[in-house]
Amino acid sequence: MTEHVRHSYRKKWLLTFGKHGRKQSRAFLLTVLGAAFVMSCPLGVVAEDCKQIKLKSPDGKGVMVDGACARYEGEFRKGKLHGKGKITESDGRITEGIFRFGQLYGPGKIIYEDGRLAEGHFINGYLSGQGRYVWKDGRSFEGTFFDGQAGGPGRYTVKDGTIYEGMFDSNPQLEGLGIQINPDGSRLAGQFRNGKPFGDMMFVRPDGTKETKTYAYGGLTLPSSAAKPEAQSKTRRDEGYGGKDATAKEPSRGSEETPSGNQVIDEVQRSIRSLRGIFGK
C-alpha cells in the first residue's frame, strides 16, 4: 500500500471518528435510538405519552404509567391495583372496576379497542357469574359466564332483533329448553339443539294463536303427524282395553294434543320467567 493510499484512509477515519466526525456520529446514533424508541411505542401513542410515572407509595391511592404506556389509577396494595381502579391502555382498551392484586375481581367492565364490551362480575380478570357481553356488530349475550365463556341461563340478541332465551352452551347457542322471540312478536318454544329447534315445538303467532310444529335435527321442519281416523278411534273404544270403564278413561287423540302443546310452552315460560329475574325484568 502506498503512502498516498494510507494517508487517504487515515483522513476518512479522522472525519468519521475524529474530533469533528465524532459529533456527527453521536448525532446519528441519537437519531437512530430516538426512532427505535418511537417505533417501540404502540400505534397512536406519541413518545411524550410514554413517559413512565412511578407510584409515590405502593399502598393507597395513586397513579402509575408503565413502559407500555398503560395508565393505572386507583387504590393500590403492594404496587398493584387492589380495590377500585382503572387501567387505560395505549391501544384504547379500558378496564375498570374492583381489582384484587392487579386483576378484576368483582363488579367491573372492559371496553375493548374495537368497540366490544364485557361487564358484570369478574374473577381473576374473566367474566364469571352474571354478566353481559356485546360484540362490535351489535349482538349481545346476557346471562351466566364461567372463566370468560357464556353458558347456562341467559338471553342472546342478534343483529336483526331476534331474541333467544333459555339454556345456552359456550358458543353461545340454545341447548335445551328455550324460546325464540322474533321481531314480529311471534314465538317458538321448546327444545333446541345447537341453537336450532328440535322435536315438537309450540309456535305462537303475534295474535296469540298457537300451532304445534315438529323439527328434525338441524332445524328442518317436518310435516305434522296426522290424527287417527274417527272410525279407528271408535273401534278402539269398542274394544274396551281390558274393562268396560277403560273406554271412558281413555282420552281421544285430539284432546291429548292441546294439553301437550300447552304443557311445552308453559314449562318453557316458567323456566324463562325464572331467568328474567336475573336481569331484573
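Any read-out appearing in this document is the output of simple, stated calculations on the displayed coordinates, not a laboratory observation. The shown structure was predicted, so the numbers you read here are calculated from the model rather than taken from an experiment. Reconstructed Cβ throughout: ideal geometry from the backbone, glycine too, with neighbour counts over all protein chains shown.
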Taking Lys and Arg as +1 and Asp and Glu as -1, residues besides residue 114 with C-beta under 11 Å from its C-beta add up to 0
Distance check, please: which entries in 159/210; 159/213; 51/136; 56/86; 54/136; 51/86 exceed 23 angstrom between their Cα atoms? 159/210; 159/213; 51/136; 54/136
In a shell of Cβ-Cβ distance under 14 Å around residue 127, excluding residue 127 itself, what net charge do Lys and Arg (+1) and Asp and Glu (-1) give? 0
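Could you work out the equivalent-ellipsoid semi-axes for region 49-147, taking the square root of 5 times each eigenvalue of the Cα gyration tensor, largest first, in whole Å? Show your work: numbers first, answer last.
Numbers: eigenvalues 133, 55, 11 Å².
Equivalent-ellipsoid dimensions as semi-axes: 26, 17, 7 Å.
Using only C-alpha positions, report the orientation-averaged shadow area of the convex hull of region 88-223, nm², one decimal. Could the numbers behind the result be given before it?
Working: hull surface 35.9 nm².
Taking the Cα atoms of region 88-223, their convex hull projects to 9.0 nm² on average.
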Distance in Å, no decimals, from the C-alpha centre of region 83-101 to the one of region 104-161 is 16
Counting only other residues whose beta carbon sits under 10 Å from that of residue 64, what net charge do I get with K and R as +1, D and E as -1? +2
Length gained when the stretch residue 210-residue 114 is fully extended (0.36 nm per residue, less Cα-Cα span): 30.3 nm
Residue 140 versus residue 160: modelled label distance in nm, points set 7 Å from Cα along the beta carbon direction: 2.0
